[in-house]
Amino acid sequence: MGIVEQRTLDRWLPTVAQPMRYVGAEWNAVLKPWAETPVRMVLAYPDVYEVGMSNLGVQILYDVVNRLPNALCERTFAPWPDMEAMMRAQGIPLYALESHHELADFDLIGFSLPYELNLTNVLNMLDLAGLPVRADRRPDDAPLILAGGSIAYHPEPLADFIDAFVIGEGEEVLPEIIAIIEATKQAGADKLTRLKALARVPGVYVPRFYDIAYLPDGRLAAITPNTPEAQFPVLKRVVDPLPPPPLHPILPYVQPVHDRAMIEIMRGCTQGCRFCQAGMIYRHRRERTREEVVQAVEATVRNTGHNEVGLISLSSADHSQIAEILRDLLYEGRQPPLSVTLPSLRTDAFSVELARLFQGTRRSGLTFAPEAGSQRLRDVINKKVSEADLLRAVEAAYANKWQRVKLYFMIGLPTETDADVQAIVELVRRVAAIGYEYHRKKANVSVTVSTLVPKPHTPFQWTPLLDEQTLHRRQQILKEGLRSPAIHLGYHDMRTTLLEAVISRGGRRLGRVIERAWRAGARFDAWEDHLNWDAWIAAFAAEGIDPQIEVRRERTVDEVLPWDHISCGVSRAYLWREYERSVQGLTTRDCREGCTGCGAVELLGCRAGGEEA
Amino acid sequence: MSEGRTLYRMRLVFSRGEATKYVGHLDLMRAWERILRRAGVPLAYSQGFNPHPRLTLAMPLPVGCTGEREELDFWLTEPLSPESVIERLRAATPTGLDVIEVSAVDLHAPARPACIRRADYRVTLDDIPVEQVRRAVDELLARQTVMVDLHGKHYDLRPLIDGVSVDEQNGVVFLNMSLLRDTQGRIGRPDALIEALGLGAHVRSVHRLGIFFDA
């Protein structure tokens, strides 16, 4: 227990890369008085500092908790392997950046989990904090381990390690949890009492209060609460309207991967793409008004000194006042200059018009995501882009002096044939031909092809992952068809895809695999050059789980899925209906054109489909 | 960058403390850019695709060192009084960067890095008797040449050493060094001298007391 001494850090930090990752004291960092604050929380991000500091959720929750009179919130990130080695060699425990208190001193360690491939870092961070990784081995006085983020919607692979999960948006539920921590701490309650109190909070999932029963073949038989406090299902929390965004975000010295002010302009998406987990789990759609966005941008720019701002949402061109917002922010002669990015554009001419507004004189490259090559397959995934839309958008881009167009596609989509993949080749060639008309040999098309990872809470949650043989054959079709100096083709690593797919759909038993892989040295699995594949293969083998079988199996409608006790507000019946419509090639409208009955109206209070819906 | 515009040049003297001593040079420049924007001073930007303000640090500080009087020149599009710039900057600087003074500088004054004559450092040592440090210093100063390798360069440090002294306060040993910049622009680095003295393992902290200029 205690503070990691400055002298110790001074002796050893100069020996690691980027010491400022481990120092804190950035502009807008908040250091609240330790002794006077009843509840002490540390936000833990299981990736390196530069990645974690680019996460909007971290900035939002840091702001929310530090505003509470009864709590403080500090930060910690996964130490890079050189730092980890140094910490282990010198006996330095994982500490928080603000006060340099070691993690074991906090009441609450809250992991933010945005991605499947950094779960081994969660275990590693617990271990570096000197805590047993398994929840049932941690003593009562150990900090409570909380986790939230998109991974919490399918939490079972981490159920052995995490005390409680927050399902959904943390802005309101986190203060409720902190109030319970404060009350139970004052009362001197034991851990079980505290967990039972937490289990009653809407949106909190305490895995130990749910029993998992298996069928003889290893599939799930049932997930059943074993205490009256446990909710079933656990319905995610939403905030409506969106609370004010953080206006004093922390400004790192080490350059974060997204080095700009981030203003969330909208949460949720109405497009209904069937592969998209974010589109399902972040429902319903809530917009910030033009005035709110513009004021937030101006305040954040003033409070940070940023000259670049990202307007964040799942589909920024869908904001009803996006053009007006851009005009308010980007006027001639603005001092100091401001540049604006919209990270997620649609594939249409309107989006190019927007890009013209915000890119100004910069023309780095414009990205479109048609996702599938043939109209038939775009209908299957409910990506409402026609070939004509795409070609018009591309033409508008090249005509407006962009020389580079980036295209995103997926393979491994349900019902996909080689002909659909050949359609990608033809589409890309058509795009390249338009580029050539405008820019001759300077035109460039960059094509990124990923493999569909079927995600929980999407209509494709029942779909298998594409087998490797077919994947290679289809990649070959692309490779041969797109051999041109004007076209650059990139893939995602198959091992990463497989691991992501297994963890995405894994149940509670997968926790043992994760623990074994971590013990064998797996860390930073998302970083291709750090992925320790041998450790994973050995861990799967030792636990008798064949990852190929796990992901290549089509689930039936009546099969119990490992996340069936978690509800994101979109009903299982709707997802199945969407899956059936998908394989029949039937599209479903954008729900702003009329409610499509996903369940969010009843469960979340959605009004996106109109008041009458 | 200044086509058709009248610019005003200012010089900031600041100290760099513990909280920012590991900030790398490029990261520090980005931090100053943002501090100046937060302070709301009218920075002059380069023209072109990606406008950036013009800032010049007199002498980068090696990572891990603190500094008593560091210098940064910056250019404005409107004349502001040094007092008002100081006031605005003080409200915008983070822990570990403290504004000491701001002055107006002639626009055509030579670039500051070219005017450096020498810099003085005070090094705090750990776990070493003062006599041993004195001996190491005496031996080194008695040599005609002190060949060092630093960042892939092999050179003679001896002519860049203006002076080295040792003192002790309350049992703590300090090494004071004054290092020169020669006519070819080579600058004596404190870490090179510490290595040459064989004291690398005993350094607790390195503090730059000041930079001294010809003009």
Of all residues in region A:552-587, which are surrounded by 15 or more Cβ atoms within 10 Å (Cβ to Cβ), at pLDDT below 95 and touching a helix residue (DSSP H, G or I) at 6+ places or on another chain (Cβ under 7 Å)?
A:Arg555
Quick one: which of A:Ala369, A:Ala432 is open to solvent by less than 50 Å² (accessible area, probe 1.4 Å), among the small types (Gly, Ala, Ser) and part of a strand (DSSP E or B)?
A:Ala369
Scope region A:102-123; condition among the β-branched types (Val, Ile, Thr) and over 14 Å from A:Thr76 (Cα atoms); matching residues
A:Thr120
Quick check: anything in region A:513-523 out of contact with any Pro (no Cβ under 8 Å at 6 or more places or on another chain) and acidic (Asp, Glu)?
yes
Which of the strands (runs of 3 or more DSSP E) found entirely inside region B:125-174 contain at least 2 residues meeting this: touching a helix residue (DSSP H, G or I) at 6+ places or on another chain (Cβ under 7 Å)?
B:147-150, B:161-169
Residues A:Glu292, A:Glu298, A:Glu308: which one is among the acidic types (Asp, Glu), away from chain B (no Cβ under 14 Å) and either crowded, with 22+ Cβ neighbours inside 10 Å or without any contact (Cβ under 8 Å) to a residue 60 or more places away in the chain (or both)?
A:Glu292
The correct count of residues that are over 21 Å from A:Asn70 (Cα atoms) and crowded, with 21+ Cβ neighbours inside 10 Å in region A:151-198 is 16
Just for helices (runs of 4 or more DSSP H) wholly inside region A:1-103: which have at least 3 residues that are among the aliphatic types (A, V, I, L, M), modelled with pLDDT of 95 or more and within 20 Å of the chain's Cα centre (by Cα)?
A:56-67
Subset tally (residues that are of a type in the set (A, V, I, L, M) and either surrounded by fewer than 16 Cβ atoms within 10 Å (Cβ to Cβ) or over 22 Å from the mean Cα position of the chain (by Cα) (or both)) for region A:588-606:
2
By residue number, the members of region B:35-68 that are touching a residue at least 40 places away in the same chain (Cβ under 8 Å), more than 10 Å from chain A (Cβ to nearest Cβ) and open to solvent by 30 Å² or more (accessible area, probe 1.4 Å) are B:Gln47, B:Arg54, B:Thr56, B:Glu68
Does region A:85-100 hold any residues that are open to solvent by 20 Å² or more (accessible area, probe 1.4 Å), farther than 17 Å from A:Met53 by Cβ and in contact (Cβ under 8 Å) with a residue 24 or more places away in the chain, and which are they?
A:Arg88, A:Gln90, A:Pro93, A:Ser99, A:His100
Do you know which of the residues in region B:81-95 that are away from chain A (no Cβ under 14 Å) and touching a residue at least 60 places away in the same chain (Cβ under 8 Å) is surrounded by the most Cβ atoms within 10 Å (Cβ to Cβ)?
B:Val85
Specify the residue that is modelled with the highest pLDDT; the eligible residues are those in region A:351-393 that are polar (S, T, N, Q) and closer than 16 Å to A:Ser315 by Cβ.
A:Asn382
For region B:33-84, what are the residues that are outside any strand (DSSP E or B) and closer than 13 Å to A:Asn307 by Cα?
B:Glu33, B:Arg34, B:Ile35, B:Leu36, B:Arg37, B:Arg38, B:Gly40, B:Asn50, B:Pro51, B:His52
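The rows are residues; the columns are (1) within 9 Å of chain B (Cβ to nearest Cβ); (2) open to solvent by 50 Å² or more (accessible area, probe 1.4 Å).
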| position | (1), (2) |
| --- | --- |
| A:Gly2 | no, no |
| A:Arg7 | yes, yes |
| A:Leu13 | yes, no |
| A:Gln18 | yes, yes |
| A:Val23 | yes, no |
| A:Pro33 | no, yes |
Across (1) of a type in the set (D, E, K, R); (2) in contact with a strand residue (DSSP E or B) (Cβ under 6 Å, 6 or more places away or on another chain); (3) over 30 Å from B:Asp126 (Cα atoms), A:Glu26 clears everything bar (3)
Would you check which residues across region B:193-215 are closer than 22 Å to B:Glu18 by Cα and assigned to a loop (DSSP other than H, G, I, E, B) and list them?
B:Leu199
Take the residues of region A:252-305 that are of a type in the set (Asp, Glu) and not in a strand (DSSP E or B): which is modelled with the lowest pLDDT?
A:Asp259
How many residues does region A:401-424 contain that are in contact with a helix residue (DSSP H, G or I) (Cβ under 8 Å, 6 or more places away or on another chain), assigned to a helix (DSSP H, G or I) and farther than 21 Å from A:Arg346 by Cα?
4
Of (1) part of a helix (DSSP H, G or I); (2) open to solvent by 10 Å² or more (accessible area, probe 1.4 Å); (3) in contact (Cβ under 8 Å) with a residue 60 or more places away in the chain; (4) of a type in the set (A, V, I, L, M), A:Ile223 fails just (1)
Can you pull out the residues in region B:178-192 that are away from chain A (no Cβ under 14 Å) and either assigned to a strand (DSSP E or B) or open to solvent by 30 Å² or more (accessible area, probe 1.4 Å) (or both)?
B:Ser178, B:Leu179, B:Leu180, B:Arg181, B:Asp182, B:Thr183, B:Gln184, B:Gly185, B:Arg186, B:Ile187, B:Arg189
Looking at (1) without any contact (Cβ under 8 Å) to a residue 60 or more places away in the chain; (2) touching a strand residue (DSSP E or B) at 6+ places or on another chain (Cβ under 9 Å); (3) in a loop (DSSP other than H, G, I, E, B); (4) buried (at least 23 other Cβ atoms within 10 Å of the Cβ), which is the only condition A:Ser320 fails?
(4)
Residue count, region A:36-67 (criterion: in contact with a Ser or Thr (Cβ under 9 Å, 6 or more places away or on another chain) and hydrophobic (A, V, I, L, M, F, W, C))
5
Regarding region A:468-476, can at least one residue be identified that is touching a strand residue (DSSP E or B) at 6+ places or on another chain (Cβ under 9 Å), open to solvent by 30 Å² or more (accessible area, probe 1.4 Å) and in a helix (DSSP H, G or I)?
no
Lone unmet requirement of (1) under 30 Å from A:Val340 (Cα atoms); (2) within 14 Å of another protein chain (Cβ to nearest Cβ); (3) more than 12 Å from the chain's Cα centre (by Cα); (4) not charged (D, E, K, R) for B:Ala19:
(1)
B:Trp32 meets each of (1) within 18 Å of B:Arg90 (Cα to Cα); (2) within 14 Å of chain A (Cβ to nearest Cβ); (3) open to solvent by 10 Å² or more (accessible area, probe 1.4 Å) with one exception, condition (3)
Just to be sure before I move on: is A:Ser339 touching a strand residue (DSSP E or B) at 6+ places or on another chain (Cβ under 6 Å) and closer than 21 Å to A:Asp240 by Cβ in the structure I sent?
no
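The values are calculated or read from the model by the stated rules, or taken from the named source; none is laboratory data. Keep in mind that what you see is a predicted model, and the values were worked out from it rather than measured. No Cβ is skipped: glycine too gets one built from the backbone with ideal geometry, and neighbour counts run over all protein chains shown. For accessibility, only protein heavy atoms count, side chains too; no ligands or nucleic acids. Shrake-Rupley method; radii C 1.70, N 1.55, O 1.52, S 1.80 Å.
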